[in-house]
Amino acid sequence: MDTQQLLGAAALGQASMPMATFQNTSTASMVLCCLCGTSIPSNPSNMCVNCIRSKIDITEGISKQLTILWCKECGRYLQPPKHWVTAEHESKELLTFCIKKIRGLAKLIDAGFIWTEPHSMRLKVKLTVQNEVLNGAILQQSFIVDYTVRQHVFHKRTFLFLEQLILKHGADVNCVKIKDIHEGVDFYFQQRGHALKLIDFLQNVIPARFRHDKQLVSHDTHNMTYNYKYTFSVEIVPLCKDDLVCLPAKVSTSLGHMGPMVLVTKMSNQITLLDPVSLRHTTMDATVYWRNSFIAAASYKQVVEYVILDIELLGHELGKYALAEVQVARLSDFGKNDQIFFAKTHLGHILHVGDYALGYDLSAAQLTGLDYDAFIAKGGETQDVVLVRKSYEERRIRRRAKGGAAAEIRPWKLKSLNMEVDDGLPEEKVGRSRAARTQGAAEAPELERERFLQELEEDPELRARVNLFRDAENIERLAQIAAKAAAKPAGLEDDMDDSDSDDDDLPEVPLEELLDDLAELMMNEREEAEGVDEVADGLKDVDMDDA
Amino acid sequence: MATRCQFENSNDVGVFAKLTNAYCLVALGGAENFYSVFESELSDHIPVIKTSISGTRLVGRMTVGNKNGLLLPNSCSDQELQHIRNCLPDEVVVQRIDERLSALGNCIACNDYCALIHPDIDRETEEIVADVLGVEVFRQAVAGNVLVGSYCAFTNQGGIVHPKTTVEDLDELSSLLQIPLVAGTVNRGADVIGAGLVCNDWAAFCGLDTTSTELSVIESVLKLRDAHPMNIVTSMRASLIDSMA
């Protein structure tokens, strides 16, 4: 019976159609967006994307304007506090670096550069972030972050001055090798004592702090002698003479509410700061500086030339500074528009109506530094102009134009340390970028050097600390040019007379201050000796060398 | 006519009120605002009763009822029961039931003809519901949620369900209840319809946050635009007279 039933069932099974599996379909129903009424599939907030976007901005807490510091010489970007990152324009490393700088970034989905002009000093990065809003709906939003690229000012002038000091005091006498690297100089010594001597010297002449490190190089187990490599790292205060500094609030209060905008007037082993408005000055030790360090808000490269329209002494005097109220106009505005600035300055003794002066333009300039930003954010007000020094540029240019070659030749020169130059760049990066960079690198130090030489001419105090040597060649050349000038026809002499009165003001180094370069004298003697003796008497030359 | 209101700054009016075609229960609030809104709309036609349920103000969520009857949880006190019985018209049967799922308003949603109940409700309760309220009972879940009373609100004219209800489910429910249903939201995109909305055939009350889009959806599906209480009364009277005659 059972088998028959089974067979019957089987027969039936074969005859019937194969069963289709039942698929449970579920179509989500559409609801209306509660705000605008468009038909949307339901989401946790039940609002259409546009309505959510219009209500909520998930990029609210994220900083959208940032500043990054860039070194013009080697093209590296600063990662505070000390590390410099090498990155090509619009490369992956630069993108990582830029993204790391952003504060408040929660969940990043996508990032990419938006093209900007290579020389525009601006980088634009487009970021896509995701965040949870309103009952669990996940919203994705894209936005653009703007980076302003600011050039990191390298204070080569301090180094140039330091170089001269070291030469004068012979602090490099035990030095085995000197290497000029990115952002500094390396001195190599045989003995630890010699290195310490240099450090002591440095601490006496410039404000600096140092760290030391000891590294085991080798050791001899039989003699029980250990060879160490000692490394001393000296960090110099990154300020230069004539820098404009915005003191952080704490420092300003501790100095008795000295106006936050101050000028650095002298850099020796102490930093001298002067408030140009109140004529208050203070000296700061290296230790005090490092407790609350600050950087220059603007440095010498950013000065603008002004012409003095009116000056009125206010009576308050302090040594060689006198407080005066001035009316100035920018040289670029002069004659074109009527823009006049009023300011108080400490240069009352030196400036007269019609003089040219150099100063920092605070109305238009962009000053770097968080302290300055914080000060302005609290509602602080500064003068529009801070005059720094009298300008002799005009006179120099005129003198150069009239006097021809004579004006550019200085009858003195400086010696320099025997330095190896090491770029610190990896060997593989050859090509246009490196060539371009070294070109740029060549220009900036030249300007700094020129400025340094001008400073020496203008400031007798500075000169006293440095050795200037007679440049016999230049003096000869100047004498030749003077002889030629004397031989000129009488008609042209009038021009020279006119320029003389201007030249009087131009600071020059009096010849009496110059030292004779002993080495040069030795060289001259040797040359004479070589000229007299024949090559056969080569032994004599060797003798001279030994002496 | 749909009205926006708030109970002590809360937009969940469905928690604090229960509205049917024959009566309205309102919670005892600190300020009289809530009560006066209901009064102004409803008291001409139906009794509006202020009460508490088991000492709480959660009148809307603890009770369920229609024009035929009212069901109360077993935690409801005797005084409250008596008070309600006194205030309500005699046609309305008031019954206290013993049920593990005591928040009856969350578990049962009904109009005058059919009811949806929580799938886990006892058989006894189901029978009492069918008996007291005079409805056809269906055990159903709405958009995968078992708390049918919270996630849908319907009257004899139409109803609104949870926004994530699928089209198939919507069709199924619609055919069960024999009324048009729509998936919608209330109180600016909130999906808890039962908490945000109370309604009967000619009036509806929702939270202050409800946007105009949501309000227009509510009014159109519940057919409130041209609904006047007098219309219902006169149409009923006509049919009654017909049957009498």
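Exactly one of these conditions fails for A:I52: (1) free of Cβ contacts under 8 Å to residues at least 60 places away in the same chain; (2) within 28 Å of B:A143 (Cα to Cα). Give me its number.
(1)
Quick one: would you say A:D172 is of a type outside the set (A, V, I, L, M, F, W, C) and within 21 Å of A:N467 (Cα to Cα)?
yes
Looking at (1) part of a loop (DSSP other than H, G, I, E, B); (2) within 14 Å of another protein chain (Cβ to nearest Cβ), which one does B:Q157 not meet, given that it meets all the others?
For B:Q157, the failing item is (2).
Any residue in the range A:50-61 that is modelled with pLDDT under 80 and over 26 Å from the mean Cα position of the chain (by Cα)?
yes
Any idea how many residues of the range B:150-172 are among the polar types (S, T, N, Q) and crowded, with 22+ Cβ neighbours inside 10 Å?
The qualifying residues number 3.
Answer with yes or no whether A:V145 is assigned to a strand (DSSP E or B), surrounded by 17 or more Cβ atoms within 10 Å (Cβ to Cβ) and of a type outside the set (G, A, S).
yes
Any idea which of B:G158, B:G134, B:G149, B:G144 is in contact with a Pro (Cβ under 8 Å, 6 or more places away or on another chain), closer than 20 Å to B:S175 by Cα and not β-branched (V, I, T)?
B:G158
Just to be sure, is A:L167 in a helix (DSSP H, G or I), of a type outside the set (D, E, K, R) and modelled with pLDDT under 80?
No, not satisfied.
Which residues, taken from the range A:34-67, are under 21 Å from A:N131 (Cβ atoms), more than 7 Å from chain B (Cβ to nearest Cβ), part of a loop (DSSP other than H, G, I, E, B) and not charged (D, E, K, R)?
Result: A:N43, A:P44, A:C48, A:I56, A:I58, A:T59, A:G61, A:I62, A:S63.
Consider A:E88 carefully, then state whether it is in a loop (DSSP other than H, G, I, E, B) and at pLDDT 80 or above.
For A:E88, the condition - in a loop (DSSP other than H, G, I, E, B) and at pLDDT 80 or above - is met.
Of all residues in the range B:169-191, how many are out of contact with any His (no Cβ under 6 Å at 6 or more places or on another chain) and within 11 Å of another protein chain (Cβ to nearest Cβ)?
Residues in the range B:169-191 being out of contact with any His (no Cβ under 6 Å at 6 or more places or on another chain) and within 11 Å of another protein chain (Cβ to nearest Cβ): 13 in total.
Could you please give the count of residues in the range B:195-227 that are closer than 21 Å to A:L134 by Cβ and buried (at least 24 other Cβ atoms within 10 Å of the Cβ)?
The total comes to 6.
In the range A:289-338, what residues are loosely packed, with under 15 Cβ neighbours inside 10 Å, in contact (Cβ under 8 Å) with a residue 24 or more places away in the chain, part of a strand (DSSP E or B) and touching a Lys or Arg at 6+ places or on another chain (Cβ under 8 Å)?
Hit for the range A:289-338 is A:L314, nothing else.
What number of residues in the range A:229-277 are of a type in the set (D, E, K, R) and in a helix (DSSP H, G or I)?
1
Answer yes or no: is there a residue in the range B:115-123 that is away from chain A (no Cβ under 14 Å), out of contact with any helix residue (DSSP H, G or I) (no Cβ under 7 Å at 6 or more places or on another chain) and in contact (Cβ under 8 Å) with a residue 24 or more places away in the chain.
Yes: the range B:115-123 contains one or more residues that are away from chain A (no Cβ under 14 Å), out of contact with any helix residue (DSSP H, G or I) (no Cβ under 7 Å at 6 or more places or on another chain) and in contact (Cβ under 8 Å) with a residue 24 or more places away in the chain.
Mind listing whichever residues of the range A:55-69 are over 19 Å from A:L127 (Cα atoms) and surrounded by fewer than 16 Cβ atoms within 10 Å (Cβ to Cβ)?
Of everything in the range A:55-69, just one residue is over 19 Å from A:L127 (Cα atoms) and surrounded by fewer than 16 Cβ atoms within 10 Å (Cβ to Cβ), namely A:K55.
Here is a yes/no grid of residues against (1) among the polar types (S, T, N, Q); (2) at pLDDT 85 or above; (3) within 25 Å of the chain's Cα centre (by Cα):
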| position | (1), (2), (3) |
| --- | --- |
| A:H194 | no, no, no |
| A:A208 | no, no, yes |
| A:R211 | no, no, yes |
| A:E235 | no, no, yes |
| A:L239 | no, no, yes |
| A:L244 | no, yes, yes |
| A:G259 | no, no, yes |
| A:I271 | no, yes, yes |
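The values are calculated or read from the model by the stated rules, or taken from the named source; none is laboratory data. Just so we're clear, the structure is a prediction, and the values are computed from it rather than from any experiment. Cβ: placed from backbone, ideal geometry, glycine included. Neighbour counts: every protein chain shown.
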